[in-house]
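Take a look at the structure set out below.
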Amino acid sequence: MHELTLEDIYMIEDEPRILIVDQAPMIQEAIKKAVESSEEFRIASCIKASDVLNEILNFKPSVILLGKLSENVVELDLLHSLQRNSSTSDIPVVVMATTDSSDWKSKCFSNGASDYIIKLPDSAELIARIKYHSGTYFKGVQLGQAHRALRVSQQQLLDTNLTLQRVMNNLQISNEKLEISNDRLQKLANIDGLTGIANRASFDRFFERHWETAEHADSELSLLMIDVDHFKKFNDAFGHVEGDNALKKVAKVLTSASAEEASFVARYGGEEFCVVLPNVGSDLALGVANDLLRSMQATAIPHIYPIATSVVTLSIGIATSTPSLLKSHKELLLKADAALYLSKQNGRNQATVAP
């Protein structure tokens with residue numbers, strides 16, 4: 001089918017275009033006169049087979065009336081040529097013959113003719129056939145355009161779906177990356193960067209939450225406040241890098257030695273640490289503290305104070321209570337801190353239970 005725009009179709013939809021192909025000008029004039037009563041027709045003509053294709057592309061006929069040609073090209077060859085050309089194969093061709101031979105009719109139809117008439121037919125019959133074949137052609141053009149538009153729409157929809165799928169896949173990947181990043185950020189927000197244990201903010205949340213739990217259950221809660229003995233002197237003697245390494249080892253000792261009691265270990269700040277022991281009384285808390293002291297000494301981190309053969313030790317303050325006996329969890333924290341102060345005042349490397 002030759003390429004027509006939708007504007008072309010609407011422009012000629014009610015205006016059949018007739019291309020007359022015949023060697024005899026007299027025949028062409030006769031056909032024009034036969035259809036002149038129908039002012040809606042537009043007519044073009046040619047006498048050479050070599051001009052037919054160009055005339056079709058320029059004139060855009062809705063029907064071709066094919067008569068006798070002036071050259072040594074028979075009508076069957078032209079019919080076959082038009083049928084094989086995608087630009088012309090859908091244009092109806094009405095053969096105007098001088099014979100009613102069944103054999104000739106069959107050959108014409110076999111090579112692509114749409115209709116067959118004996119020239120010259122009655123004017124009314126010719127007009128009716130032209131209108132019929134033009135209408136069929138226009139409907140075919142519109143249907144082809146509709147099919148092409150549908151294919152374009154389907155392809156656009158497919159492309160849109162593929163794009164949407166890629167966007168969704170990318171979004172899923174981004175969400176997964178975001179979740180990983182959020183997990184990392186959450187860990188960074190809760191974990192002490194140096195020691196890898198819980199930080200002060202995480203301790204505050206855990207301590208307050210378990211204080212409320214103990215309050216509802218009317219159960220005991222123990223808190224250990226821990227300080228690394230003579231840590232400033234350690235830093236002065238060995239440097240801050242070794243001081244950081246020592247704090248990492250302290251955190252490891254606290255985590256390992258108190259693991260059996262479902263404890264929560266956190267770095268409170270600087271060289272201070274905390275251990276929260278839910279559902280643990282003062283006697284058991286003191287036992288945990290003594291285990292921590294022994295494990296710390298066994299780690300044997302060298303120190304030069306108070307004597308050259310010293311090792312790093314801990315001072316621990318212990319406070320135990322049920323929430324109903326105190327105003328808030330902060331009061332328990334103050335009691336543990338006061339007990340820690342007593343441990344340090346009494347010579348360090350020991351644990352003291354708050355009264």
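Hey, can you tell me all the residues within region 116-133 that are within 12 Å of G67 (Cα to Cα) and at pLDDT 85 or above? Quick ask: steps written out before the conclusion?
Of all residues in region 116-133, those within 12 Å of G67 (Cα to Cα) come to 116-120.
Y116, I117, I118 - these are the residues of region 116-133 that are within 12 Å of G67 (Cα to Cα) and at pLDDT 85 or above.
Only one of the numbered conditions (1) at pLDDT below 85; (2) on the phi > 0 side of the Ramachandran plot is not met by G112, and that is (1).
Annotation: of all residues in region 134-165 being within 23 Å of A113 (Cβ to Cβ) and of a type in the set (G, A, S), the one that is modelled with the lowest pLDDT is G144.
Apart from one condition, T299 fits all of (1) in contact with a strand residue (DSSP E or B) (Cβ under 7 Å, 6 or more places away or on another chain); (2) closer than 26 Å to I191 by Cβ; the exception is (1).
In the set (1) in a helix (DSSP H, G or I); (2) within 48 Å of the chain's Cα centre (by Cα), T195 fails one condition alone, (1).
Any chance region 34-52 includes a residue that's farther than 19 Å from L120 by Cβ, basic (K, R), surrounded by fewer than 19 Cβ atoms within 10 Å (Cβ to Cβ) and modelled with pLDDT of 85 or more?
Narrowing region 34-52 to residues farther than 19 Å from L120 by Cβ: 39-40, 42, 48-52.
Filter once more, so that each one left must be basic (K, R): 42, 48.
Subset that is surrounded by fewer than 19 Cβ atoms within 10 Å (Cβ to Cβ): 42, 48.
Still in the running and modelled with pLDDT of 85 or more: 42.
Looking through region 34-52, at least one residue is farther than 19 Å from L120 by Cβ, basic (K, R), surrounded by fewer than 19 Cβ atoms within 10 Å (Cβ to Cβ) and modelled with pLDDT of 85 or more.
Only a single item in (1) within 16 Å of I56 (Cβ to Cβ); (2) crowded, with 16+ Cβ neighbours inside 10 Å; (3) of a type outside the set (S, T, Y) is not met by C108, and it is number (1). Could you tell me whether region 190-202 includes any residue that is out of contact with any helix residue (DSSP H, G or I) (no Cβ under 9 Å at 6 or more places or on another chain) and within 27 Å of K252 (Cβ to Cβ)? Looking through region 190-202, at least one residue is out of contact with any helix residue (DSSP H, G or I) (no Cβ under 9 Å at 6 or more places or on another chain) and within 27 Å of K252 (Cβ to Cβ).
Kindly establish whether T160 is free of Cβ contacts under 8 Å to residues at least 24 places away in the same chain and out of contact with any Phe, Trp or Tyr (no Cβ under 9 Å at 6 or more places or on another chain). When the stated conditions are applied, T160 passes them.
The values are calculated or read from the model by the stated rules, or taken from the named source; none is laboratory data. Since we're looking at a predicted model, the values are computed, not measured. Glycine also receives a Cβ, built like all others from the backbone with ideal geometry; neighbour counts cover every protein chain displayed.
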